[in-house]
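The structure appears below as structure tokens.
The values are calculated or read from the model by the stated rules, or taken from the named source; none is laboratory data. Since the model is a prediction, treat every value here as computed from it, not as a measurement. Every residue, glycine among them, receives a Cβ derived from its backbone with ideal geometry; neighbour counts consider all protein chains shown. When the accessible area is computed, the model is the full protein with side chains, heavy atoms only, and any ligands, DNA or RNA have been set aside. Shrake-Rupley method; radii C 1.70, N 1.55, O 1.52, S 1.80 Å.
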Amino acid sequence: MKLFLKLAVFGPLISCLFAGLFHRQLSKTALIRFCGFFMGIATLAGSTLFMKMVKSGGAFAVTVPLMTWIEIGDFSATWALSADPLSVVMIFLVLVVSFLVHLYSYEYMEGEEDLSRYYAYLGLFTFAMLMLVSAQDLLQLFFGWEGVGVCSYLLIGYWYEKESANQAAMKAFLVNRVGDLFLVMGMAGFFYLTQTLEIGKGLSLLQSAVPEPFVVLGTPVPALDVLGILFLIGAMGKSAQLGLHTWLPDAMEGPTPVSALIHAATMVTAGVYLIARLSPLYLDTTFASTCVVWVGALTAFAAGTIALVQNDIKKVIAYSTCSQLGYMFLGLGVGAYNGAVFHLFTHGFFKALLFLGAGAVIHSMSNEQDMRKMGGLYRPMKMTFAFMLIGSLALVGFPLFSGFYSKEAILASAFAAQDQYGLGPWVLSIISLVLTAAYTGRMLGMTFLGRSRADEALRARIHEPGLMMNFPLALLALGALVSGMLGYKKFLMGGKGFWGDKIVAPLIPHHVGIVELAPTVVGICVFVLALVVFRKWKEKKLAKSIGFMERFLVNKWYFDALYQALFVKPVWWLGQLFWVFGDQKGIDAIGPDGLTHKAVEGSLKLRRSYTGLLPTYIAALVMGVLLLIVLILFGGGRLG
Amino acid sequence: MLDNFLMDLKLVQSELVLLGGGLILLLMTLFPKRSKEFFPLFSVGIILMAFAVLFIPSGSWNSVDGMQGFFASLEASPLSQSFRGYFLALAAFVLLVGGSITIEKEKTAPEGYSLILFSITGGALLLSANDFFVAFVALEMMSLSLYAYVAFWSDGANAKEAAMKYFITGAVSSSFFLMGVAFIYGLTGACQFDEIANLMKLESETFLSSPLWYLGIGFLLAGLGFKMALAPFHLWVPDVYQGASTQSLLLIGVLPKLATLGFSILLLKGPFSLVYEELGVAITFLAVLSMGWGALGALTQRNFRRLMGYSAVANMGFVAIGLLPGDEISLASMNYLLIYSIGFVAVIGLVAYLQNQGLSLETVDDFVYVRQVPEAYRLLLALLMFSLAGVPPLAGFFGKFVVFKHALQHGYTFAVFAGIFVSVVSAAYYLRIIKALYFDALPEGTEGLVAETPLRQSFLVYRLSNLASVGLAAITILFAFVLSFL
């Protein structure tokens, strides 16, 4: 099993190095075959691990120590790969989606010039993500955390000729840095309290003795709450939760397969993973958990509303991702850690499916992403429509589809937790569910139903994707269909069942009643209604239906404008100030520029005074001797 | 008597070998049927032989301390012997590189090489002089042969102008030197270094209060400063560097400087040791002026040869910093000069070699064409430029480092600050060449312009020279480390 674990983690790295180093020697096809081969092996190994884990009921654990990273006094950080139920689930999900994206990209990205760069980034991302989820040590986790951040930056900016792609990449990176800062502070606090960065050891230390409270601004705050908040903000950055979510929609500038892999199925779930991994810590907090609940509920609601008015097909799905991540945080907050991870798992399949399906549409529409110019696509793209429908139904929570099981688990837990948090979060999540149904129906309707709004030339080119794109779609559709059905018993098993002591897994309340049935029924109705209504798209229809809210939503709750005014502008002014008055007119003018000008001026003067005449030379000789003698006679001693 | 004479001869064995070689070459003018590559190879052989016999007087350099001869007009000390060693080794390299690279483009005649050998004889003799008259004769022997050599190979107006200017200013500077000797003789009544040193110890009060003494030293320094191309005695440098043939340039650029510097060190440590301390300001003045003038002159210079000329002046300024008086014998200046000279020979040799390949490398901008020949040359040139600019870990850096360390240890903060400042300015013109080498675009329509008729590669000497310049470059780059801690 150790070998499988190593293969699973290092396969993508080999693929990355291969694509990065040998792209000159190999043809494009050969290169992609090699990358696909390594990824395939890694995926097989990961799947084997997953099967073994499921079969053994979570009883099996492997740790492969690689080497010691840092050793200073008592402190040591090690590189190690560890497989426990949580990490194996993540490894499986990451590898399967990554492998399918590798395959899908072969057709989707054909004709790209430097495809090797793309594949190298993909491999590196997958490796970093696997390092993150297989870490036992917060430092190694942080390595993976930053690694996926960098790869996300690189992949969003893959088309670096596009100004918007560069800006989006920069934005994603900077917003993530805000979260990262808090993660580092959280790690520092963790180390301060436990003298270790090893997750298991530290958590058990924290549980065995309640640490002294921190004093924040003169008031004592329970130490665990402080840690919880710090880690929460860290997770919010990576998982695009309300406040730090603004980068995710912009990240859609990257290639669509990248969006499916990074900005839907894997990287953005790292925050959820982090909190689930630290669940024993959150279990003992009240304030931090409450924050997690409300962050999740508000994100689910806000992102759902914004998704309603988006016209870019990828942005709809991006906001949907945001909203679904909110659900997961809600689940984490109310203590249904297993439910949240389960939703992460099923969401990985159906959201990747939706993204790749949208990619198929975009690909066949010659890179058109605006839904207002689509419509009627179900006729020429029946397969794609079927896949998208499966994904949508899973997203909406249609019974027996995967999303149904995981979402129900979270909703039920939220309802059950009303004693602690009130009914607010639950109500918000129900509204979000309806919103989800609405925007998903709208998206499907606008894209596939009704009459085509594309022009003639474009319409003639619309085609079903080829095998290399259909195969991943089909596999993901399968996952979206059955992963809930097959998984819910294992994943939602309470106590120490499947999850062992790695994450806290309460028993999910499960009783079919009006509370659970009604939202589902309403959701389905809204979905169908939206599908029908938005079959025909007209400008202003939406505005009429939601009135004054429309501007507010179209401007995405004014988050970007607010940040622009609050942070970006002041920092920009400050930078301008230092640049113009500090650097340009101050240091540069006096220092480098001034001195160079003086030197060049002096040099030119010297050149102009140069006569090339012998008498001048001799005069200079004589003057020189006289000066020298004067200096020797009267100078004496030393100068300076 | 005869025994004594034979003993004395041991002091001048190297010079005898060189002189003999020169005379043989002169005789060879009677038999003009020699192949071209014979003369440089022969000369290099002679110099190497001279280098070898340097060890003979008593088997090693270290046990010849204070050995005198010819009525104490010559003296061999470990220091002077090692200087002579450096001088002869460098001379051999210069001839190997220059003689062979220029073999096609420039006239090869045995007379030329005999002049070179005479000049080297003068330099070697200068380093073992213990008497002002011998020193003067040696200095003139070195210089006159070089004047003649520059003139000997002067085709075209530039070259004639160079020869003329070199000769006339050189003559004036010699008169300064002689003037200095006269003043000192007038004061002390002695010409031998030992004698002067002894008198100094006995009657230092009288001497040090007499202006004649300082006048003498001033004139002497001016004369030597001219040979070392220190400002303000350097005005001939750019003209001569531009006009002289490659072979002459290599010789002028390296040999007189090394010999004169060695002689100056011996002089300052020997007869002038008591007054050495007093010369701080004067040497600082020479150093700072040379560095500043050289760097500013080179900064906007487009012609490569002239640029190297100004760069030489600036570099001699650094050498002068190393010459600042200190407590014990410091070889910082000699160390710097050696590193600089090796770099200089390698650069000029490489450039001349590339010119032979058909590249026109007249101006700094012309260096864009270097990318038309194999990549290794470009890399080598760039590394050499970095070394000249003093970028660690290359040799040039260690040279500067040792010089600055010496000056700082003895409190010459001003000179060091000036040196660092000039280093920055001088980096600009070396980097400009690197910019042309690597970053500037080739002008339109000059792709594949390299030499329709590259020169014959078959000469043994040719290969040797290639090897030698590459080897020199490698030495500069790699082994400078060792040199810098001599």
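A few points about this structure:
- Every residue from the range A:301-335 that is under 14 Å from A:LEU433 (Cβ atoms) and among the aromatic types (Phe, Trp, Tyr): A:PHE301, A:TYR327
- Within the range A:596-612, the set of residues being more than 7 Å from chain B (Cβ to nearest Cβ) and either in contact (Cβ under 8 Å) with a residue 40 or more places away in the chain or open to solvent by 100 Å² or more (accessible area, probe 1.4 Å) (or both) comprises A:HIS597, A:LYS598, A:LYS605, A:ARG608.
- B:GLY411, sole failed condition from (1) away from every other protein chain (no Cβ under 14 Å); (2) on the phi > 0 side of the Ramachandran plot: (1)
- Residue within the range A:286-309 that is open to solvent by 10 Å² or more (accessible area, probe 1.4 Å), modelled with pLDDT of 90 or more and within 23 Å of A:PHE142 (Cβ to Cβ) present: yes
- Test: residue in the range B:222-245 that is within 27 Å of the chain's Cα centre (by Cα), buried (at least 22 other Cβ atoms within 10 Å of the Cβ), more than 14 Å from every other protein chain (Cβ to nearest Cβ) and more than 24 Å from B:ASP131 (Cα to Cα): yes
- Test: residue in the range B:140-148 that is out of contact with any Ser or Thr (no Cβ under 9 Å at 6 or more places or on another chain), in a helix (DSSP H, G or I), more than 11 Å from every other protein chain (Cβ to nearest Cβ) and crowded, with 18+ Cβ neighbours inside 10 Å: yes
- Among the residues of the range A:513-544, those identified as over 33 Å from the mean Cα position of the chain (by Cα), at pLDDT below 70 and in a helix (DSSP H, G or I) are A:LYS541, A:LYS544.
- Checking B:PHE183 against (1) open to solvent by 30 Å² or more (accessible area, probe 1.4 Å); (2) aromatic (Phe, Trp, Tyr); (3) away from chain A (no Cβ under 13 Å), the condition it does not meet: (3)
- Criterion: without any contact (Cβ under 8 Å) to a residue 60 or more places away in the chain, more than 8 Å from chain A (Cβ to nearest Cβ) and not hydroxyl-bearing (Ser, Thr, Tyr) - qualifying residue of B:LEU268, B:LEU274, B:LEU307: B:LEU268
- Of the residues examined, A:PHE349 is not one that is of a type in the set (Phe, Trp, Tyr) and surrounded by fewer than 24 Cβ atoms within 10 Å (Cβ to Cβ).
- Residues that are over 19 Å from the mean Cα position of the chain (by Cα) number at least 2 in the following helices (runs of 4 or more DSSP H) confined to the range A:238-321: A:279-283, A:287-309.
- Test: residue in the range B:354-367 that is farther than 17 Å from B:ILE434 by Cα and buried (at least 24 other Cβ atoms within 10 Å of the Cβ): no
- One residue from A:GLY445, A:GLY450 being under 30 Å from A:GLU107 (Cβ atoms), in contact (Cβ under 8 Å) with a residue 24 or more places away in the chain and in a helix (DSSP H, G or I): A:GLY445
- A:PHE578 outside the structural domain of A:ILE306 (by TED's automatic domain parsing), among the aromatic types (Phe, Trp, Tyr) and closer than 30 Å to B:LEU221 by Cβ: no
- Flag: A:GLY575 does not match the condition of being without any contact (Cβ under 8 Å) to a residue 12 or more places away in the chain and surrounded by 14 or more Cβ atoms within 10 Å (Cβ to Cβ).
- Residue count for the range A:621-635 satisfying the condition of being open to solvent by 20 Å² or more (accessible area, probe 1.4 Å) and either facing chain B (nearest Cβ under 7 Å) or modelled with pLDDT of 85 or more (or both): 8.
Yes/no per residue for (1) within 29 Å of B:VAL17 (Cβ to Cβ); (2) touching a residue at least 12 places away in the same chain (Cβ under 8 Å); (3) assigned to a helix (DSSP H, G or I):
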position	(1), (2), (3)
B:ALA124	yes, yes, yes
B:LYS165	no, yes, yes
B:GLY170	yes, yes, yes
B:GLY180	no, yes, yes
B:ALA197	no, yes, yes
B:THR206	no, no, yes
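- In the range A:166-177, the residue that is farthest from A:ASP250 (Cα to Cα) out of those that are within 14 Å of the chain's Cα centre (by Cα) and open to solvent by less than 70 Å² (accessible area, probe 1.4 Å) is A:ASN176.
- Segments classed as helices (runs of 4 or more DSSP H), wholly inside the range B:383-486, with at least 1 members that are over 22 Å from A:LEU595 (Cα atoms) and modelled with pLDDT under 55: B:460-474, B:480-483
- Qualifying residue in the range B:196-208 (condition: within 14 Å of chain A (Cβ to nearest Cβ) and either open to solvent by 60 Å² or more (accessible area, probe 1.4 Å) or in contact with a Leu (Cβ under 8 Å, 6 or more places away or on another chain) (or both)): yes
- Going through (1) of a type in the set (Val, Ile, Thr); (2) closer than 18 Å to B:ALA91 by Cβ; (3) facing another protein chain (nearest Cβ under 10 Å) one by one, B:THR300 falls short only on (2).
- From the options B:VAL281, B:VAL254, residue that is at negative phi and within 14 Å of another protein chain (Cβ to nearest Cβ): B:VAL281
- Among residues of the range A:418-438 being of a type in the set (Gly, Ala, Ser) and surrounded by 23 or more Cβ atoms within 10 Å (Cβ to Cβ), the one that is farthest from A:TYR319 (Cα to Cα) is A:SER429.
- Any hit, the range A:199-213, residues being touching a strand residue (DSSP E or B) at 6+ places or on another chain (Cβ under 9 Å), surrounded by fewer than 22 Cβ atoms within 10 Å (Cβ to Cβ) and free of Cβ contacts under 8 Å to residues at least 60 places away in the same chain: yes
- With a requirement of 2 or more residues that are within 23 Å of B:LEU383 (Cα to Cα), the helices (runs of 4 or more DSSP H) lying completely within the range B:265-365 that satisfy it span B:280-299, B:304-322, B:332-356.
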